[in-house]
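Asks: Take this structure first; my questions come after.
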Amino acid sequence: MNRRTLLLGLSGAAVIAVAGGWIATRQGAGQTGFAVPAMAEDAPAAALLPDVPLGSPDAPVTLIEYASYTCPHCAHFHDEVFGALKRDYIDTGKVKFIHREVYFDKFGLWAGLIAQCGGTMKYYGIVDMLYGTQTDWIGDGKEQTISDNLRKIGLKAGLTGEQLDTCLKDQARAEAMVTTFQKHATDDQIEGTPTLIINGEKYSNMSYEELKKILDAKLAG
């Protein structure tokens, strides 16, 4: 997806360039109470956050998906490809899957704060909810609408209102998330989403049939 099509609701907000995309900074984002990263020159160095793997740690193939919660192509990949991938390769121990969040806009970062709020045990369940209901929680694209809808997703996932308030105002976490995104996306030269890294080799978005051929070849080799 072209980065410019991901600038949802950023009019009037300051932005900083990060790894080929854009993310909102503090200016203009205080009404909802969500944490947002400081300007690059003001932000302290943050430690990288660990990946959250899904599947067997000993799987012969590792598949990393770079994806944005506000990217329609990522939602389509989740709806049309991920289910079969999980059934045929992840659950069978053939593929270790890692989802890496990309933040092209502040709403994607907010969604990431929700996804990570429940820890590793709830992470992929919330990720599933975010992609599966993407058009619903984005709604009319207004800040308050998205804020309210993301909180509803968190509550539906079993998080408490107090937990959500703590996570969504966690400035240090937001900065660590952006730092982690910048580092990984720069290292892997990520220019759009979804992008797949399969055993160190980069691929663009594809159908399940195309992905299956690549995975079977990797497993056979």
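The values are calculated or read from the model by the stated rules, or taken from the named source; none is laboratory data. Note that the structure is a prediction, hence the values are computed from the model and not measured. Cβ coordinates were reconstructed from backbone atoms using ideal geometry, including for glycine residues, and neighbour counts include every protein chain displayed. Calculation scope for accessible area: heavy atoms of the full protein, side chains included, ligands and nucleic acids excluded. Shrake-Rupley method; radii C 1.70, N 1.55, O 1.52, S 1.80 Å.
Asks: How much accessible area does H184 have with a 1.4 Å probe, in Å² rounded to the nearest 10?
Replies: Looks like 40 Å² after rounding.
Asks: Given a Förster distance of 41 Å, report the FRET efficiency between M121 and A217 from their Cβ-Cβ distance, rounded to the nearest 0.05.
Replies: Calculated transfer efficiency: 0.80.
Asks: List, in order, the whole-Hz ³J(HN,Hα) value for each residue of region 87-101 obtained from phi through the Karplus relation with A = 6.51, B = -1.76, C = 1.60 and θ = phi - 60°; use x for Gly and Pro.
Replies: Values per residue, Gly and Pro as x: 5, 8, 10, 6, 5, 8, x, 8, 10, 9, 10, 10, 9, 10, 6 Hz.
Asks: Classify region 142-213 as rounded, prolate or oblate from the Cα gyration tensor: take a ≥ b ≥ c as the square roots of its eigenvalues, call it rounded if a/c is under 1.5, otherwise prolate when a/b beats b/c and oblate if not.
Replies: Note, shape of region 142-213 comes out prolate.
Asks: Moving on to the next point. Determine the shape class of region 44-100: with a ≥ b ≥ c the square roots of the Cα gyration tensor eigenvalues, call it rounded for a/c under 1.5, and otherwise prolate if a/b is greater than b/c, oblate otherwise.
Replies: oblate
Asks: Need one word for region 70-204: rounded, prolate or oblate. Basis is the Cα gyration tensor (sqrt eigenvalues a ≥ b ≥ c); a/c below 1.5 gives rounded, then a/b vs b/c decides.
Replies: Here region 70-204 falls in the prolate category.
Asks: Please list the non-local residues whose amide H lies under 5 Å from the amide H of Y69, H modeled 1.01 Å from N, same-chain partners needing a gap of 5 or more.
Replies: The list, which skips near neighbours in sequence, is V102.
Asks: Quick check for you: with a 1.4 Å probe and neighbouring chains kept, what is the accessible area per residue of region 93-185, in Å²?
Replies: 39
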